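> Questions regarding the structure given below will be posed in turn.
The numbers here are math on the coordinates, done by the rules we state, and not lab data. These figures come from a predicted structure and were not determined experimentally. Backbone-built Cβ (ideal geometry, glycine too); neighbour counts: all protein chains shown.
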């Protein structure tokens, strides 16, 4: 019999371990509220390096993002170039001359957490080595590097079963003994909200976001409002430790208007979505910083009840989305998808309240109390904008 290659041996051992370990809910203690951090892809694509990641880690601290709650610094695709003779994944020696462990140590020295990227297929989306057949070896390597977060993509995974592939890496991560937040990125292709609670902490529920309000790309990219449409109806599957992921933020990347940036961010908060910034933190302007670090909007996203919001009313381009908060309060977004200002009303019955109830309202973007209201609340909403309020009986 011919001897098994390193790759085939790793694959065989991985499959045997997968069969031997019973399926159970992931118990890594992470993601009790949606994770917050930064990822390199939206702004930099494959142009990543240790210099960039170090500078971004510095900027997370100096910009006030760390104080606001952002803690993960994640390298996306293109950090890896090959595998060594023993199968160990190798980082690009030109772009990461100090090695990934040293980079992780630097991120940790800033009081932040370190994330990395791989793919369930044999190659990543950018054609770099994927983890198929090397799941347990890669997980051990990541743990030895001090990785705290793994984004796991779904390119070049033909003839693979998504549940099996993601469960295998989940078990590999758990076997390291290091708490590593597991981010599944299979674009909603096999309805991960139905099964991923037992596998990972967050799962992508849609195709990739693109930097626009209302567009669709031929390759599958989606603008902000199209992602919203796909998330509505998935709310019952989310909760502490397991959240739907509508993809990373495009706030501050230059194509959304100021109102669209605020609406994008507010709707992600209503969705209890991971808040993974995707802009250049080293040079962001004051307006972008004000959006990303708004304490009142962040408090909605990070509410400990962990309930994802949903669309409760729709009239053409006028929509009302609401999210239940700890203590029985509600966060409400009046969303105007139209190109002209619109008067939008939320009725108490749509929030699960009786019409006669008196409730205190606060406008979160304006940081202003609106007083007591009964039965309903109406606001004029600018084009492609959101009025975001809390309703407290």
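> At a 10 Å Cβ-Cβ cut-off, how would you order 202, 344, 75, fewest neighbours first?
Least crowded to most crowded, the residues run 344, 202, 75.
> On C-alpha positions alone, give me the angle between the axis of helix 135-145 and the longest principal axis of the chain, in degrees, nearest 10.
80
> Give me the angle, in degrees from 0 to 90, between the Cα long axis of helix 50-62 and the longest principal axis of the Cα atoms of the chain, rounded to the nearest 10.
Orientation of helix 50-62: about 30 degrees from the principal axis.
> Using alpha carbons only, how many degrees (0 to 90, rounded to 10) separate the axis of helix 258-270 from the longest principal axis of the chain?
That works out to roughly 80 degrees.
> Compute the label zone of residue 219 within the stretch 42-84: residues whose backbone N is under 13 Å from the point 7 Å along Cα-to-Cβ.
What the label zone holds, given the 13 Å backbone N cut-off, is 42, 45-46.
> Let me ask something else. For a quick check: sort 176, 234 by the number of other beta carbons within 10 angstrom, fewest at the front.
Going from sparsest to densest Cβ surroundings: 176, 234.
> Shifting gears a bit: What distance in nm separates the simple spin-label points at residue 88 and residue 164, each placed 7 Å from Cα in the Cβ direction?
Distance between label points: 3.0 nm.
> Determine the calculated [θ] at 222 nm for the chain from helices alone, applying -39500 (n - 2.57) to every DSSP H run no shorter than 4 residues and normalising by the residue count; nearest 500 deg cm²/dmol.
-8000 deg cm²/dmol
> What ranking do 137-150, 41-54 get when scored by the average of other Cβ atoms within 10 Å per residue, highest first?
137-150, 41-54
> Mark the label point 7 Å from the Cα of residue 28 along Cα→Cβ and return the residues of the stretch 164-203 whose backbone N is within less than 11 Å of it.
169-184, 199-202
> Something else now. Starting at 0 and stepping by 20 Å, how many percent of the alpha carbon pairs of the chain end up in each bin?
Calculated P(r), rounded to whole percents: 28, 55, 16, 1.
> Ranked by Cβ crowding within 10 angstrom, fewest neighbours first, how are 248, 284, 65 ordered?
Neighbour counts put them in this order, fewest first: 284, 65, 248.
> Indicate, rounded to the nearest 5 percent, the antiparallel portion of the DSSP beta bridges found entirely in the stretch 58-211.
The answer is about 20 percent antiparallel.
> How far, in nm, would the chain grow between residue 304 and residue 378 when pulled straight, counting 0.36 nm per residue and subtracting the alpha carbon separation?
My answer for the length gained is 23.9 nm.
> Between residue 144 and residue 229, what length in nm is gained on full extension when 0.36 nm per residue of separation is reduced by their alpha carbon distance?
26.6 nm
> Could you let me know the centre-to-centre spacing of the stretch 302-376 and the stretch 232-284, using Cα atoms, in angstrom?
18
> Label residue 362 and residue 343 with points 7 Å out from Cα along Cα→Cβ: what is the distance between them in nm?
About 2.8 nm separates the two model spin labels.
> Further, regarding this structure: Expected output is a single nm value to one decimal: the length gained when fully extending between residue 282 and residue 46, i.e. 0.36 nm times separation in residues minus the C-alpha distance. What is it?
Difference between extended and current length: 83.2 nm.
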